[in-house]
Structure formats: structure tokens, C-alpha cells
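Undergrad: Next up is a structure, given as C-alpha cells.
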Amino acid sequence: MKSKILAIFIILFLIASYAIKINATNQKDILNTEKLEDINSIDTGEIEDDDEEVDINEILETVADIEELEIESKIALIYDRASGNILYEKNGNKQTPMASTTKIMTAIVVLENANLTDVVTIDSKAAGTGGSRLGLKKNDKITVNDLLYGLMLRSGNDAAVALANYVGGSIDGFADMMNNKARELGLVNSHFIVPHGLDNDGHYTTAYELAKMADYALKIDKFKEIVSTKSTTINISGYPKAINNTNQLLGSIEGVYGVKTGFTNGAGRCLVSACKRNELDIITVIIGADTTKQRTADTIKLINYAYNNFEIVNIKEIIENEFCKWQRINQGRIFVNKGIENNVELLLEEPPYEKMAVEKEENVEIEVDSLFYLEAPVEENQVIGNVKVKKSGEVIEILDIMVQKEIRKKEIEDYLIIFAKKLLEGIDIRDML
């Protein structure tokens, strides 16, 4: 009997020892993860201050009476979404770190390469990422959709790493996807190393190319829906979590519908904003502001400047109307020497955009130049002139004037046929010589 009791005691002792060992291992993993998070935060020295509150009304009063545009931030730009033209820039093509505005490209790549309903299991790398965080822990489960909201609203660096590892297989693999997308968009002054934007050598863009990224991203319905959301509730491992957008201009400034804030020591405080009032749709970029207040004030200045000084015109309609007027007067003057026919039908190259922003009261001029003497044969789509679009005397677009269909050269048979017709019509052939 005593031996049975002793055996039971030994078994219970072994079970308890094993349980204590497992618990200690789990505690060690948790401590290691927390330690890794602390190390990442300390090493980067880059904690986003996007939650820092500023008094929007106070800033609005401060900038209300400013007549001339004076931007304190190091880099600034206004981008016309209708035409892709720059309306204002300060160091707009200077390469610069971009902080969390990087996440615009991160979101683009994810939205084009993953399903929103996919469930991602958070690994230790994502859970241990420093800087601004969504608050993900190892083994948390969360959908791609909710990670994107955490990425763009809360600016979660842990969400960025989780998405990068899931979509690209690794940070390096995802960076390759980001750079491939940049090349596809024609971005020649942008290069990506990380998905979150913490400062890294070789990770840079320009204000102009950042605006082009945002413009492309905003054409994706889901992206626009996310960045225009003021607050929402996501689910992490089945538990709800309320998050707010770090972009304080949403709901505070008329027409603002995105896009992304950012801050690192290298980039300073950054803000990419999208704003639309009536037909004028713009993107503003601020990089290198010293404070959140300065970043906000400079963005509001850019928005006010754009809407006080620019308006949208239908440039395609203006070009077509002026070209039609020119055709009515001049098309019949075009002569094709030795051509089988002399009726030249013209075709005008399509303008690259339908509408564009121009300064109010600014004149848009259309200048048409064309050849009037052509030598057969004339090929289909042969360029014989151009239409210059001028704004304040500066040429901003040149469109080709082309011959719509081929006009072949007369052969001997054609001359014989014409000769016979003239004889039948009783016309003196000397008139043909």
C-alpha cells in the first residue's frame, strides 16, 4: 500500500515539475518578446508622435490672413490629380527619407497581392517591431483587412512587418515587390528597404513621387475607403480593438479624405493629404516639419493656396474646339502632290488628360502648325504638324496632327484612268498638263 502511495506521489511530483518547466519557458518567451520590442524601440529612436493633438481651429486662425505662401517645412508640394502637374513645390524632387508615408506603397502591394479575408498569424518578428505599434503579440490572429486598417490608421509598424512577411515571404522579398511596383509606376527617385519607413540607408523617395504613389493608391477603392476612415473597430484573435486615424485633418478641413502621417528622426514630421472641393482634386505633401503643429499649419497653407488660386478647366474640350476651328479654315488648303486623292482627313493625338488645374484668370492658348504641301505617298498616321498648348506663354503640351488614312502615289494606270475620264467629259487634255 505504501509503495502505491509513493508511486502516485512520484507521478504527481513529475507532472507538477513538468508544468512548472513549461510555464517558465512560456514566461521566458514572453519576456524575450517584450525585451525585443524594447530593444527595437530604443535602437531606432523613432517613436511616431502622430497622436500628438494640435488645435486645428487655432492653426486656421493663424494662417487665415496669410496672403503669400510661406512654408516652413523643408519639403512641400501640391499635385493636381486631374493632370499630374505640380502646382507648387519646395524641394519637390529632392531625395529624402519618408517615414510612415512608406506605408502608402506597402498598402498598394498588399492590396494587389493578397485577399482581404486571409488570416495572418503574427510571428515574433512582427510582434517585436519597434516604433508606433498596433499592439500585436506573437501568435495573434488577424485578417489582412484589419492589418491594413492598423497599418494606415494607427500607423502600426508591427502590422507592416506582419503584412510584408505574409505577402512577400520576408522583409527583403516584400521590399523587392515594392521596388518592382515603383519601377512599374515610373518612379525613378524612390527605393524601398522596409515596409514601415523606419530610417534605413537606401530607403528614400521625393515629394513628387510620393504624391504619384498616393494618386495611384487612391484609385484603388479599398485604399481610399481605409485612409478616409476616421475611426473603426478591428478584431485581433477574436477580440475587438478600437483604433483612430492619426490624420487629424480628417473631418476638420473641408474636402480632406486622406492620406498618411509619418515621423522619424531622419524624415522629420511628414503628412500626405488628399483634398477635393468641387472639381479640383489635389494631393499635398509635407516632409521635414519640425513639429506636428508646423506640419499641420503648412498643409493647411498648401490647401488654402490651391483653392484660392487655381481652378479646373476642360483642356481637352478647349483643344478640340480650337482645332476644329482651324480645320474648317485650313484643311482644304493641304495639297498632296501626285496623290491618288487630295482630300486629307486629319487626326489629332489625344491629350494625356481631360482636365487640368490652372491659375484663375490665366490664359490657355492653342497654337496649330501644319504642313500644307505633302508629297505622295502619305502613310497612315503620318505626322504633318502639331498643336501646342501654352499656359502663360509656356508650352505645356505638344500634340501631333496626323493623316488619318493612307494616300498612295498615282501610278501609270491611275493617270490613264483620269485621262480617259477627262476625254469622256469633253475636257481639253491640255488643261491637265
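Undergrad: If I model a spin label as a point 7 Å beyond the Cα along the Cα-Cβ vector, how far apart are those points for LYS219 and THR117 in nm?
TA: 2.8
Undergrad: Using a Förster distance of 45 Å, how high is the FRET efficiency between ASN93 and GLU425, based on the Cβ-Cβ distance and rounded to 0.05?
TA: 0.10
Undergrad: Oh, and also: Convert each backbone phi in the range 329-336 into a coupling constant with the Karplus relation 6.51 cos²θ - 1.76 cosθ + 1.60 (shift: θ = phi - 60°), then list the ³J(HN,Hα) values in order as whole Hz, x for Gly and Pro.
TA: 8, 10, 4, x, 7, 6, 10, 10
Undergrad: Under 27 Å Cα to Cα from LYS409, which lysines show up? Leave out anything in the same chain fewer than 8 places away.
TA: Counting by Cα, and skipping residues close in sequence, LYS409 has these lysines nearby: LYS338, LYS421, LYS422.
Undergrad: Run the numbers for ASN278 and ILE86: contour at 0.36 nm per residue of separation, minus the present Cα-Cα distance, in nm.
TA: Between ASN278 and ILE86, full extension yields an extra 67.2 nm.
Undergrad: Related question: Which of LYS74/LYS316; LYS222/LYS355; LYS74/LYS388; LYS212/LYS325; LYS74/LYS260 have a Cα-Cα distance over 28 Å?
TA: From the list (LYS74/LYS316; LYS222/LYS355; LYS74/LYS388; LYS212/LYS325; LYS74/LYS260), the Cα-Cα distance tops 28 Å for LYS74/LYS316; LYS74/LYS388; LYS212/LYS325.
Undergrad: First check a/c for the range 56-311, with a ≥ b ≥ c the square roots of the eigenvalues of its C-alpha gyration tensor; if it is under 1.5, answer rounded, and if not, answer prolate when a/b is larger than b/c or oblate otherwise.
TA: prolate
Undergrad: Applying the Karplus parametrisation 6.51 cos²θ - 1.76 cosθ + 1.60 with θ = phi - 60° to the phi angles of the range 237-245, what ³J(HN,Hα) value in whole Hz is obtained for each residue in order, glycine and proline being reported as x?
TA: Rounded to whole hertz, the list is 6, x, 9, x, 9, 7, 10, 10, 6.
Each value in this text was obtained by applying a stated rule to the coordinates, not by laboratory testing. Given the structure is predicted, the values throughout are model-derived calculations rather than measurements. Glycine gets a Cβ as well: all are built from the backbone with ideal geometry, and neighbour counts include every protein chain shown.
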